[in-house]
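Written below as structure tokens is the structure these notes are about.
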Amino acid sequence: MLLGVNIDHIATLRNARGGLEPNLIQAALICEKAGADGITVHLREDRRHTRDNDVSELKKILKTRLNLEMALTDEMQKIALDVLPENVCLVPEKRQEVTTEGGLEVASRVEFVKDFVTPLVRAGIVVSLFIDADKAQVEAAAKTGAQFIELHTGKYSEAFGTAEEEIELNNLKEAAALASKLGLKVNAGHGLTYENVHRMKEIPELIELNIGHNIIARAVFDGLEKAVKDMRDLIA
Ligand code: PXP
């Protein structure tokens with residue numbers, strides 16, 4: 001299985017001080033060096049973490065793939081057609097949400113999504129729709145011209161370790177099998193952690209996992225000891 005690393009929260013930290021550190025490009029290169037198969041950023045309407053120039057810089061520098069997560073707006077479509085990331089993942093977006101809350105609503109607006117996807121695919125971008133593990137959404141996604149879906153693993157992640165875990169995993173398994181039968185390729189992501197990720201291997205259709213928050217959270221602790229020691233050494 002491939003790993004796409006979402007580095008939005010490097011940008012969150014950088015923006016907290018308004019400067020350039022931690023440097024987003026440096027972070028992306030470290031992820032690639034460590035074996036990431038792609039780098040994901042979500043360019044939000046409010047630019048709360050990743051910004052426009054981050055996206056264009058990443059596109060220039062990455063040796064793997066840039067996966068641009070974005071909402072279905074004219075502004076984002078224009079940016080995607082300008083920057084030409086290798087992958088675009090279309091996500092729903094609400095201004096007030098802390099992170100992407102649910103999957104994209106495709107079933108009730110297939111034509112709208114199809115019209116949005118078509119120019120991106122024509123431009124050579126591989127497009128994915130971030131949807132819930134729901135039969136109607138998968139069937140609708142197959143009619144849009146998008147080559148991939150990304151299954152929302154948030155419910156599975158929340159249910160992990162509870163009585164609902166098997167139900168949520170089964171929903172993902174069924175959605176992945178249906179998508180594959182309909183000719184869609186399947187990725188997954190959201191809320192995956194070092195503890196719950198192993199069960200994704202039970203879904204044979206999965207090509208790539210997109211993981212962000214838990215990797216960046218672990219990186220803080222794995223690097224903190226050295227960071228403190230290095231500073232102590234400098235002032236000893
Ligand atoms: N996939 C999509 C479409 C997302 O919106 C996000 C969160 O930005 C992720 C994957 C990664 O989720 P997490 O940060 O919880 O690993």
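The values are calculated or read from the model by the stated rules, or taken from the named source; none is laboratory data. Keep in mind it's a predicted model, so treat the numbers as computed, not measured. Here the Cβ positions follow ideal geometry from the backbone for every residue, glycine too, while neighbour counts run over all protein chains shown. Just so you know, the surface numbers come from the protein's heavy atoms only, side chains and all, with ligands and any DNA or RNA stripped out. Shrake-Rupley method; radii C 1.70, N 1.55, O 1.52, S 1.80 Å.
Kirkwood Rh, Cα Rg: Rg to Rh for the chain?
Rg divided by Rh gives 0.98.
Using Cα pairs closer than 8 Å and at least 6 residues apart in sequence, work out the relative contact order for region 16-95, in percent.
This gives 28 percent for region 16-95.
Rounded to a whole number, what % of the accessible area of region 160-208 do carbon and sulfur atoms account for, probe 1.4 Å?
On region 160-208, the fraction of accessible area on carbon and sulfur atoms equals 54 percent.
Report, to the nearest 10°, how far helix 165-181 tilts away from the longest principal axis of the Cα atoms in the chain, using its own Cα long axis and a range of 0 to 90°.
60 degrees
For region 109-236, what relative contact order do you get, as a whole percent, if you take Cα pairs closer than 8 Å and at least 6 residues apart?
21 percent
Listed highest first by mean packing, meaning other Cβ atoms within 10 Å per residue, what order do 217-224, 60-67 come in?
Highest mean packing first, the order is 60-67, 217-224.
Obtain the nm distance between the two label points defined at LEU234 and LYS33 by a simple spin-label model: each point lies 7 Å from its Cα along the Cα-to-C-beta direction.
That separation, rounded to one decimal, is 1.8 nm.
Could you order peptides 44-52, 142-150 by the average number of other Cβ atoms within 10 Å of their residues, highest first?
142-150, 44-52
A 24 angstrom limit on the alpha carbon distance is what I want to check against. Which of LYS33/LYS60; LYS94/LYS173; LYS143/LYS201; LYS143/LYS185 exceed it?
As for pairs spanning more than 24 Å Cα to Cα, those are LYS94/LYS173; LYS143/LYS201.
For helix 52-61, what angle does its Cα long axis make with the longest principal axis of the chain, in degrees from 0 to 90 and rounded to 10?
That helix lies at roughly 90 degrees to the long axis.
Accessible area per residue for the chain in Å², computed with a 1.4 Å probe and the full protein assembly in place, what is it?
52 Å²
Simple spin-label model, 7 Å along Cα-to-Cβ: ALA177 to ALA219 in nm?
Label-label distance for ALA177 and ALA219, simple model: 3.7 nm.
Which value in nm describes the separation of the simple spin-label points at GLU105 and LYS135, placed 7 Å from the Cα toward the beta carbon?
Roughly 2.2 nm, to one decimal.
Multiply the residue gap between ILE167 and ASP115 by 0.36 nm, knock off their C-alpha separation, and tell me the result in nm, one decimal place.
Residue separation times 0.36 nm, minus the Cα-Cα distance, leaves 15.3 nm.
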